[in-house]
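Rule-based calculations on the coordinates, nothing more; no lab input. Quick caveat: nothing in here was measured; it's all calculated off a predicted structure. Methodologically, a virtual Cβ is constructed for each residue, glycine included, from the backbone with ideal geometry; neighbour enumeration extends over all protein chains shown.
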Amino acid sequence: MADRAEFLQKVRHRTQRGRYKPTHAPDVAWTPKDEPQYSPSVEDPPARFIEELEALGGHGVRVGNLEEARDHIVSLVRERDAKLLLRWDVEELEELGVDGPLEEAHVEVAVWRGLEDFREVAGRADIGLSTAAWAIAETGTLVLEGGPGMGRSVTLLPPTYVAVVLVEKILRTVPEAIEKYAQGGADGLPANVCFHTGPSRSGDIEMSLFVGMHGPGDVHVILVG
Amino acid sequence: MSVVRVLRRLGVEVVYPRGQTCCGQPAFNSGFFDEARGVARHFMDVFEGGNYDHIVSPSGSCTTMVSHYYPFIFDENPDGRARSEDLAPRVREFSDFVVNVLGVNDLGARLGGKAVFHTGCHQRRELGVLEEPRELLRNVEGLDLLDWRNEELCCGFGGTFSVKMPDVSVAMADEKIKALDESGADTLVSCDSSCLMHLKGRLDRTGHQTRVLHLAQVLDGNGG
Amino acid sequence: METEKPARRRDTDDRRREGIASPVEGFNARAKNAVADAQLHDSIELFTNKSVAGRNAVLNALPEAPELRELAYHIKQETMANLDRYLGQMADAVEARGGNVFFAEDGEDVVRYIGDLARRRGAKVLAKSKSMATEEIELNRRLEEDYADLDLEIVETDLGEWIAQLAGDTPSHIVGPILHMNRRRITEVLSETAGEKLPPDVEALGSFARERLREKFLAADIGITGANFGVAETGTIATVTNEGNGRLVTSVPPVHVVVMGIEKLVPRFADLSVFVRLLARSGTGQKLTVYTNFVTGPRGPGEIDGAEEFHLILMDNGRSELLGTEFEEALYCIRCGACLNVCPVYRQTGGHAYGSTYSGPIGAVITPLLKGGKEAKDLPHPSSLCGACWEACPVGIPLHDLLLKLRNRQVDEGLAGKAQEIAFKGFEKGMSSPTLYNIGSKAARLAQKPAQKDGSIRPMPGPLGAWTNTRDLPPLAPKSFRELWKEGI
């Protein structure tokens with residue numbers, strides 16, 4: 001059983017034991033030795049994002065405006081024969097206006113607000129719908145924050161997941177995305193930030209790919225703008 | 001001996017200090033640093049003496065022992081440390097010496113056949129001498145230098161490792177031999193005699209007819 | 001029926017046990033079996049080849065990789081030099097968020113804390129995301145034993161770890177825990193759990209696992225994770241998974257417990273940029289792991305999911321012993337598994353031959369340092385010191401040099417065995433004196449005469465037998481180089 005002060009004191013004592021000077025700084029022998037194929041600088045971020053996402057088995061599409069995005073989602077719901085769609089409670093999704101058309105098509109729409117048993121709803125939902133704080137072009141990644149109205153489970157439990165992302169939210173590289181949160185310091189950081197890249201997968205069975213292990217295997221991103 | 005002949009052909013005056021014994025690596029690899037230091041001091045005594053321009057070693061692992069690991073084992077010993085750091089840059093591996101110091105990559109050697117080259121681990125990772133032996137081999141008339149799979153894998157010798165862990169050591173050799181068979185080569189060349197001894201030992205025991213040669217032997221035209 | 005070994009044979013055995021053959025008996029025995037297992041070899045080859053190819057391709061595409069490696073090394077070095085300060089900062093940051101921090105000296109402390117927490121919460125189901133630190137302290141077994149009255153159900157949620165758990169097996173690779181299990185065996189294990197015969201195809205097996213584990217995610221009272229990284233500045237925990245179980249286990253259950261080795265810290269959130277890029281590329285050949293998740297304390301205001309209670313356990317378990325010593329670099333490890341994939345020994349024997357939680361080069365280094373014990377004595381020796389591990393390490397840890405230092409430590413502690421001590425003292429004397437060397441060399445030439453046959457040395461008893469059983473040995477040349485030189489080449 002360790003007391004904080006005692007624990008830290010012991011650690012401090014050991015760090016001062018004598019700075020060991022390591023023999024090898026990593027200066028030699030870094031494989032691969034082949035001519036590096038420089039990853040092309042990200043020129044067309046939306047296009048690059050879609051390319052990366054699709055290479056991972058996700059589905060990416062770019063549309064001009066929110067109406068087109070709405071139509072896209074409605075037909076996806078129909079294709080998947082979904083009964084329940086669970087979405088974030090955020091302004092953009094209100095504006096998106098899927099609720100109406102879906103209800104008309106007898107598809108239940110649940111909103112992440114005031115849920116008594118979120119597990120029950122999220123566990124039952126066929127499709128999860130959210131927006132994203134940012135997206136990363138070089139890797140096809142969505143940057144998802146947790147917060148009021150922005151349930152983590154919406155993006156995790158339903159087998160099909162759709163994200164609607166404004167094109168101006170697309171960052172070029174991973175370091176850029178990290179920087180967005182680093183600059184805010186401890187206070188600015190949401191309790192959860194997830195870099196979500198493509199469909200959930202596992203290769204544990206003889207290295208054969210199984211898609212949709214625990215998270216959604218069917219991932220769609222609609223870039224708007 | 002091929003090393004001596006080749007160097008002489010290139011106009012180098014070769015001296016073999018008679019007092020020399022061993023670089024001490026076997027003791028070092030088994031963790032016997034004190035004993036290794038003893039042997040190292042003797043080595044330094046022998047080679048500091050004669051005011052040599054260069055010290056050439058026909059072995060990647062011995063070169064690494066002297067140039068990289070002598071300072072390592074004398075780290076806490078200022079006198080030994082200074083001597084070893086002074087000596088280190090003067091010791092060169094044979095192919096490195098021929099190509100980078102003498103500036104020669106074609107010796108007009110001749111040897112027919114298909115060869116693969118095995119780079120010893122120390123030569124690869126500590127010395128970084130990768131291209132030089134290949135350059136030299138490519139200029140050998142009649143010799144086809146092939147690529148082989150798992151090129152960077154260790155042969156399994158590792159000094160006392162080969163007798164302490166014989167099952168794994170042999171399995172590692174078999175992995176290399178599998179790759180050699182797949183490449184279709186009839187000749188195996190390396191700059192490290194220990195690797196060659198280990199692989200040849202296994203090749204012979206498994207009924208292979210592969211020709212096993214040190215780089216110097218190939219360059220000496222001494223194919224046999 | 002008793003079989004009495006003849007006295008002469010026993011002598012030889014004893015001598016061998018004392019000589020060059022020791023102290024690697026345990027590993028050697030397991031390795032012998034592993035090497036003879038053709039199917040294991042194929043599985044390992046498949047996994048490691050794919051991993052290495054993926055890693056090379058994806059690192060090639062990152063021109064700044066060498067710089068990142070240096071940065072990673074120096075960040076870790078800085079962290080260790082000031083570890084007490086960073087640990088304090090981390091604890092403060094987590095508490096500022098309403099999280100709880102516990103300082104655990106060892107595994108016992110961790111088990112106690114989690115068990116007591118489970119009791120307090122009336123917890124029944126504990127869902128675990130992959131954590132080598134919890135494997136290291138055998139958390140599951142000890143919770144089940146020491147808190148048997150709670151009747152806890154502890155479920156591994158990583159597919160490979162779950163299958164291993166069901167099979168009563170242990171992981172054999174940091175990243176691919178069941179690479180040693182074939183499809184047939186996996187089908188057997190899952191069918192038994194399902195209570196019906198499942199078809200041996202990945203779709204069916206995976207779907208069953210998804211369904212069954214989902215129930216656990218939804219029913220879990222406590223989610224337990226490790227941490228790939230901890231950020232001192234913000235109190236953030238980073239976990240990476242491809243399956244999503246890491247994020248699920250930190251989002252759905254009402255309580256989240258993190259068991260983090262103290263060496264997993266980095267100072268600033270910005271440092272994650274370096275490590276996050278290196279970890280996925282090095283470990284799985286991906287640009288980013290599918291769910292790269294950053295959790296800072298319990299759920300934020302207005303959140304409906306996410307944990308209500310957050311507990312960070314900072315575990316020492318022998319790590320602080322290494323600070324400031326020549327072995328400190330072993331703490332820089334980010335557990336990517338790249339060293340296992342390139343190790344020529346691991347590739348022949350697999351992870352179980354190492355007999356410990358951590359296998360491969362990193363396991364061979366940290367097990368003796370953290371755990372000690374009988375098994376650990378073996379571990380610095382199964383290595384030809386080829387250096388491939390150092391080359392592959394994204395942080396640049398000189399694992400092969402650390403292995404050498406461990407061997408040296410054993411020698412200094414008198415653990416190398418009398419025979420070796422005598423042999424190498426003799427070696428030193430012989431090699432320090434040209435006269436002795438010459439005599440020795442002549443003697444060896446004489447001694448080998450009886451063993452020679454058709455120009456090569458045939459199988460012999462004794463330590464050299466370890467060579468000659470499977471390999472030919474070229475005889476020493478009739479005249480030594482020295483003699484030829486004297487005669488004038």
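Details
- The range A:54-142: translational diffusion in µm²/s, Stokes-Einstein, Kirkwood Rh over Cα pairs, 25 °C, 0.890 mPa s: 173 µm²/s
- Residue by residue, the range C:226-242 carries 3J(HN,Hα) couplings of x, 8, 6, 9, x, 9, 5, 4, 10, x, 8, 10, 10, 10, 10, 9, 8 Hz when phi is fed to the Karplus relation 6.51 cos²θ - 1.76 cosθ + 1.60 (θ = phi - 60°); x denotes Gly or Pro.
- Qualifying lysines (Cα of each under 17 Å from Cα of B:Lys200; at least 8 residues distant if same chain): B:Lys114, B:Lys176, B:Lys178, C:Lys453
- DSSP-loop GluC sites (Glu not before Pro) across the range B:100-196, with at most 16 other Cβ within 10 angstrom: B:Glu151
- Proximal charge balance of A:Glu6 [Cβ under 12 Å; K/R count +1, D/E count -1]: -1
- Calculated over chain C: convex hull of Cα atoms, volume per residue (Å³): 213 Å³
- Rounded to the nearest Hz, the phi-derived 3J(HN,Hα) couplings of the range B:13-29 under the Karplus curve 6.51 cos²θ - 1.76 cosθ + 1.60 (θ = phi - 60°) are 7, 9, 10, 10, x, 5, x, 6, 10, 8, 7, x, 4, x, 5, 4, 5, where x marks glycine and proline.
- Around the amide H of B:Asp144, modelled in the peptide plane, lie the amide H atoms of B:Gly113, B:Lys114, B:Ala115, all under 5 Å away and 5 or more residues distant in sequence or on another chain.
- For C:Ile222, B:Ile177, order by how many other beta-carbon atoms lie within 10 Å, fewest first: B:Ile177, C:Ile222
- In straight-distance terms, cross-link reach from C:Lys197 covers every one of the aspartates and glutamates whose alpha-carbon lies under 15 Å from its own, apart from those fewer than eight places away in the same chain; here that gives C:Glu188.
- Put in order of Cβ neighbour count within 10 Å, fewest first, the listed residues C:Met132, A:Met213 become C:Met132, A:Met213.
- The range C:206-214 - phi-based ³J(HN,Hα) in whole Hz, Karplus 6.51/-1.76/1.60, Gly and Pro as x: x, 5, 4, 4, 4, 4, 5, 6, 4
- Likely footprinting exposure, B:Arg202, C:Arg112, B:Arg18, fewest C-beta neighbours within 10 Å first: B:Arg18, C:Arg112, B:Arg202
- Long pairs among A:Lys180/C:Lys128; B:Lys164/C:Lys425; B:Lys164/C:Lys418; C:Lys418/C:Lys442; C:Lys32/C:Lys429, criterion Cα-Cα beyond 23 Å: A:Lys180/C:Lys128; C:Lys418/C:Lys442; C:Lys32/C:Lys429
- Chain B: projected area of the alpha-carbon convex hull, averaged over directions, in nm²: 12.0 nm²
- Convex hull volume of the Cα atoms of chain A, normalised per residue: 228 Å³.
- For the range B:113-224, convex hull of alpha carbons as volume per residue, Å³: 94 Å³
- Partner aspartates and glutamates whose Cα lies under 17 Å from the Cα of C:Lys479, excluding those fewer than 8 positions away in the same chain, are identified as C:Glu487.
- Taken over the range B:2-98, the percentage of Cα pairs per 5 Å bin, counting from 0 up to the bin with the maximum distance, is 2, 13, 24, 25, 18, 9, 5, 2, 0.
- Compactness of the range C:191-330 - radius of gyration and Dmax, Cα, Å: 17.8, 55
- The overall shape of the range C:54-321, judged from the alpha-carbon gyration tensor, is oblate: a/c is not under 1.5, and a/b is no greater than b/c.
- Computed from the C-alpha gyration tensor, the three semi-axes of the ellipsoid equivalent to the protein assembly as shown are 55, 30, 27 Å, from longest to shortest.
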